[in-house]
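Please treat every number below as a calculation from the coordinates, not as lab data. In this text, all values refer to a predicted model and were calculated from it rather than measured experimentally. No Cβ is skipped: glycine too gets one built from the backbone with ideal geometry, and neighbour counts run over all protein chains shown.
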Amino acid sequence: MVICVSGGAGYIGSHMVKCLQENGLDAIVIDNLSNGHRSSVDETVPFYQGDVRDRIFLESVFSQHAIQAVIHFAADSLVGESVFEPIKYYQNNVVGALTLLDVMRQFEIKSLIFSSTAATYGEPVSIPILESDPTFPTSPYGESKLVVEKLLKWSDVAYGIKSVILRYFNVAGAHPSGLIGEDHQPETHLIPLILKVALKKAPAIKIYGDDYATPDGTCIRDYIHVMDLAQAHVLALLNLLKTHQSATYNLGNGEGFSVKEVIETARKVTQCPIETQVVARRSGDPSILLASSDKAIRELGWNPQYNRLETIIQSAWAFQQSHPDGFLD
Ligand code: UDP
């Protein structure tokens, strides 16, 4: 069984490929290397550099392998940037998924795992967020993922392409080997930025707003370890291949931490003083995002292994210390 991982050289994609290997499944990777790193993918995994919007490229890759399913990560994923560059987000995320689906249809590949986001919900109507809750994204990023979710619904009806939509909360941490981890250029995510301050590569962590309606005024997020997330994809894939039923699942830990609490935990893990600076709110950020992942636990038998925030930060710290300048490509 060959699984095609689009965006497989990215942060989550590269952990996904490792997880597939650890579960005895064969992967091939397609990635345009706009955000990913070639060296984050094992040399033994077939790698094709190209863009999911490039139909000819996809056709060429799909004609070389008997692909049974696709796990689609290739996308832009920054909430803040998307507010200022909505066309970029619709272009890459919507046109990319559209092209991929059309080529899947052509090659009669009927199973897709789609990387979606908690940003599809926008400001939650209640906490924890359930999959059935209303979706009113507050950013073009969230909206672009929601458009694709709707396309998937209709592609199931029209073409019989079955999909599992996985709505991620805040993904962090690194593979226990310390060989791969999070390395974005530029980095915008909270945990790696805090750790850069601990490594003295930045003077202070900026706190985007301390006037939210939360106990300490900073935004609350639900952090999930990247390997727990990847394992949920494997379970979703195996379930999809068995049941041929489309579904949507939240993936989070069900526990919320404020920006200030994450900083405090990082101080404990790293034993470093971490300076902070409160600045204005970042556009598009909801105040609280907290998942109910009960459905994934119940239906997929998902059993997260690294759910303590300390453990998540510890693994990210191990990667940052061994790769202070990130990947070298
Ligand atoms: N955040 C922050 N300072 C930073 C980066 C992020 O205060 O330098 C906050 C951000 O406003 C959000 C939370 O940390 O409330 C998580 O942001 P991140 O970019 O890591 O993930 P997102 O929630 O956008 O997916």
Notebook entry, point to check: Which is farthest toward the positive dipole end of the chain among Gly7, Ser322, Phe84, measuring Cα position about the Cα centre, with Cβ charges +1 (Lys, Arg) and -1 (Asp, Glu)?
Noted result: Gly7
Next item on the list: Give the longest segment of the chain that steers clear of GluC sites (Glu not before Pro) in DSSP loops with at most 12 neighbouring Cβ atoms within 10 Å, not counting the sites themselves.
Entry: 109-274
Notebook entry, point to check: Could you give the length gained on full extension between Glu123 and Gln64, defined as 0.36 nm per residue of separation minus the Cα-Cα distance, in nm?
Noted result: 16.9 nm
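What size of dipole, in debye to the nearest 20, comes out for the chain about its Cα centre when the only charges are +1 on Lys and Arg C-beta atoms and -1 on Asp and Glu C-beta atoms?
Charge dipole, the chain, about its Cα centre: 200 debye, nearest 20.
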Next item on the list: Report the trypsin sites (Lys or Arg not before Pro) located in region 169-230 that are in a DSSP loop and have at most 13 other Cβ atoms inside 10 Å of their Cβ, or state none.
Entry: Lys200, Lys201
Next item on the list: Compute the Rg to Rh ratio over the chain from the alpha carbon atoms, using the Kirkwood formula for Rh, and round to two decimal places.
Entry: 0.95
Checklist line | Estimated vicinal HN-Hα couplings, Hz - region 197-206 in sequence order (Karplus 6.51, -1.76, 1.60; Gly, Pro = x) | finding: 5, 4, 7, 6, 8, 8, x, 7, 8, 7
Next item on the list: Quick one: what are the phi-derived ³J(HN,Hα) couplings along region 270-284, Karplus 6.51/-1.76/1.60 with θ = phi - 60°, whole Hz, x for glycine and proline?
Entry: 8, 6, 10, x, 10, 6, 10, 9, 7, 10, 5, 4, 8, 4, x
Next item on the list: Please give the length that would be gained between Glu310 and Gln271 if that part of the chain were fully extended, namely 0.36 nm times their separation in residues minus their C-alpha to C-alpha distance (nm, one decimal).
Entry: 12.8 nm
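Where does each of Phe169, Phe257 land when they are ranked from fewest to most other beta-carbon atoms within 10 angstrom?
Ascending number of Cβ neighbours within 10 Å: Phe257, Phe169.
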Notebook entry, point to check: Taking H as built 1.01 Å from N, whose amide H comes closer than 5 Å to the amide H of Ala291, not counting residues under 5 places away?
Noted result: Ile129, Asn253, Gly254, Glu255
Margin query: Under 5 Å between amide hydrogens, which residues at least 5 positions from Cys219 or on another chain qualify, with H placed 1.01 Å from N in the peptide plane?
Written below: Val259
Margin query: Test of understanding: ordering Thr311, Thr218, Thr270, Thr44 by Cβ neighbours within 10 Å, fewest first, what list do you get?
Written below: Thr44, Thr311, Thr270, Thr218
Check: Amide H to amide H under 5 Å from Val171: which residues, 5+ apart in sequence or cross-chain, H placed 1.01 Å off N in plane?
Finding: Ile224
Next item on the list: Sort Ser116, Ser63, Ser34 so the one with the fewest other Cβ atoms within 10 Å of its own Cβ comes first.
Entry: Ser63, Ser34, Ser116
Note to self: Taking 35 Å as R0, compute the FRET efficiency from the Cβ-Cβ separation of Asp54 and Met1 and round it to 0.05.
What the structure shows: 0.90
Check: If each of Val95 and Leu328 carries a label point 7 Å out from its Cα toward its Cβ, how far apart are those two points in nm?
Finding: 3.6 nm
Notebook entry, point to check: Which FRET efficiency, nearest 0.05, do Ser39 and Arg282 yield, Cβ-Cβ r, R0 41 Å?
Noted result: 0.85
Notebook entry, point to check: Given the Cα-Cα distance of Leu130 and Lys201 and 0.36 nm per residue of separation, how much length would full extension add, in nm?
Noted result: 21.7 nm
Note to self: Just to be sure I understand: if I project the alpha-carbon convex hull of region 194-329 onto a plane and average over all orientations, what area do I get in nm²?
What the structure shows: 10.2 nm²
Next item on the list: Read phi for every residue in region 230-245 and hand back ³J(HN,Hα) as whole Hz from Karplus 6.51 cos²θ - 1.76 cosθ + 1.60, θ = phi - 60°, with x for Gly and Pro.
Entry: 4, 4, 5, 5, 4, 5, 5, 5, 4, 5, 5, 5, 7, 9, 6, 10
Check: Which aspartates and glutamates, on any chain, are close to Lys206 with Cα under 18 Å apart, when same-chain ones fewer than 8 places away are left out?
Finding: Glu81, Glu187, Asp216, Glu261, Glu264, Glu275, Asp285
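Mind putting a number on the dipole of region 68-155 about its Cα centre? Charges go on the C-beta only, +1 for Lys and Arg and -1 for Asp and Glu, and I need it in Debye to the nearest 20.
Numbers: 6 positive and 10 negative charges, 57 e Å.
Value, rounded to 20: 280 debye.
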